[in-house]
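Engineer: Dropping the structure in here first, questions after.
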Amino acid sequence: MPDCYLRGSMASQVVQLRQPSSSRPPLPVINLGRLSKDPATRALAIQDIARACREQGCFQVVNHGVSKSVMKGALEAASEFFELSPEHKELFASTDIRRPIRYDTSSRDGISKARSFLKHYANPLEDWVQYWPMHPPSYRQKMGEYAVEIQRVSMQLMDAILQGLGLRPLCMQEKLEKGVQFLALNNYPQLSHRGDKIGLASHSDYGFLTILLQSSPGLEVMPHGDDAWKSVPVIPGALHVHIGDHLEVLSNGQFKSLVHRAVLNPDEARISIASIHGLAKDEKVCCADELVDEENPEMYRESSFQDFLDFLPSNINNYKRFVESLKINRA
Ligand SMILES: O=C(O)CCC(=O)C(=O)O
Ligand SMILES: [Fe+2]
């Protein structure tokens, strides 16, 4: 990590939603439009984002510039893909995590329970779109528009988050532009009377950030230090954002990656699209130099996305989180 970061401090303002009681304040909803206003308004928005990252590990964003029709289009494309006949989906069936695209069902990946999913890379689009499904015919166009817009939002968010940490974002911008965007499209059945309510077991995501769109409620989060699951409400037009393992590392533990899971919805089948953003496959992520000093020694080993891919096969069934394997034991 180049040592070209500055610390900064900013004031705050945040819109909050009422939620069931919990030991923490409700999950924040942040108006991203404030990032492109005057410097003082931008500074307040950055402070809100940093506080949400520090205190909850997640927040929702509104006014992010992704149109409702693009979001709807992505959910439609995902839903139409899952409705295809098995032979269309089986074209992509694989448990090999090195493949550029893979489809799988139920419990074969260890942490899934009742879901089927399609996973593929998305950034840069021109490198990956060739691997994407040709059915439904609008898939590439609709998911492509969504992916490009979400990549843009992720850049905006990372810029704000790095500033919120007191780091100078320009140093990372190029690496983030070339970074991995990994889309996970999840398809869950409606909760049945006797069935397990867990659709996807508790885990954290490997990257810096995950931006998630859900068709109906089902995502649950457990902010660091909490002992109860919180349901993430569906706010029309909003996107959910949470912190991944590599942002915990970069921030030297100031932010914690968010433990989350999906439960089955009792009213309907559900689709979610998780877009995971990190650095390129072999690019190492370490604790930012500026956040390491005598009082705050380096807490994590450096690692790359490739290291995560190597970690996954032998740890998927024991529910061990990647970030735990990176912690430096100073005892
Ligand atoms: O379905 C959800 O809401 C969660 C999906 C998720 O956590 C993932 O794909 O990593
Ligand atoms: Fe996840």
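The values are calculated or read from the model by the stated rules, or taken from the named source; none is laboratory data. Fair warning: this is a prediction, and the values are worked out from it, not measured in the lab. Neighbour counts are summed over all protein chains in view; Cβ atoms, including those assigned to glycine, are modelled from backbone coordinates with ideal geometry.
Engineer: In region 216-236, which residues are touching an Asp or Glu at 6+ places or on another chain (Cβ under 8 Å) and over 23 Å from residue 324 (Cα atoms)? Break it down stepwise before answering.
Structural biologist: Initially, region 216-236 is screened for residues touching an Asp or Glu at 6+ places or on another chain (Cβ under 8 Å), giving 216, 223, 229-232.
216, 231, 232, listed by residue number.
Engineer: Right, here's the next one. Six or more apart or on different chains, Cβ under 7 Å: which pairs go from a residue in region 305-318 that's of a type outside the set (Lys, Arg) and part of a helix (DSSP H, G or I) to one that's loosely packed, with under 15 Cβ neighbours inside 10 Å and modelled with pLDDT of 95 or more? Could you list them?
Structural biologist: From region 305-318, the pairs are 305/281; 306/281; 306/282.
Engineer: Could you please find all residues in region 302-320 being touching a strand residue (DSSP E or B) at 6+ places or on another chain (Cβ under 7 Å) and among the charged types (D, E, K, R)?
Structural biologist: Scanning region 302-320 gives a single hit, 302.
Engineer: If the requirement is being within 16 Å of ligand 2 (Cβ to nearest atom) and of a type in the set (Val, Ile, Thr), which of these qualifies: 161, 150? Working first, answer last.
Structural biologist: Numbers: 161 fails: within 16 Å of ligand 2 (Cβ to nearest atom).
Criteria check complete, one pass: 150.
Engineer: So in region 168-209, with the set limited to residues that are among the polar types (S, T, N, Q) and in contact with a helix residue (DSSP H, G or I) (Cβ under 9 Å, 6 or more places away or on another chain), which one is farthest from ligand 2 (Cβ to nearest atom)?
Structural biologist: The first filter runs over region 168-209 and keeps only residues among the polar types (S, T, N, Q), leaving 173, 181, 186-187, 190, 192, 202, 204.
Of the ones still in play, those that are also in contact with a helix residue (DSSP H, G or I) (Cβ under 9 Å, 6 or more places away or on another chain) are 173, 181, 186-187, 204.
Working: 173: 25, 181: 14, 186: 9, 187: 14, 204: 7 Å.
So the residue we want is 173.
Engineer: Here's another thing I want to ask about it. Only one of these is closer than 30 Å to residue 292 by Cβ and modelled with pLDDT under 95: 156, 163, 173. Name it.
Structural biologist: Working: 156 fails: modelled with pLDDT under 95; 163 fails: modelled with pLDDT under 95.
When all the criteria are applied, what remains is 173.
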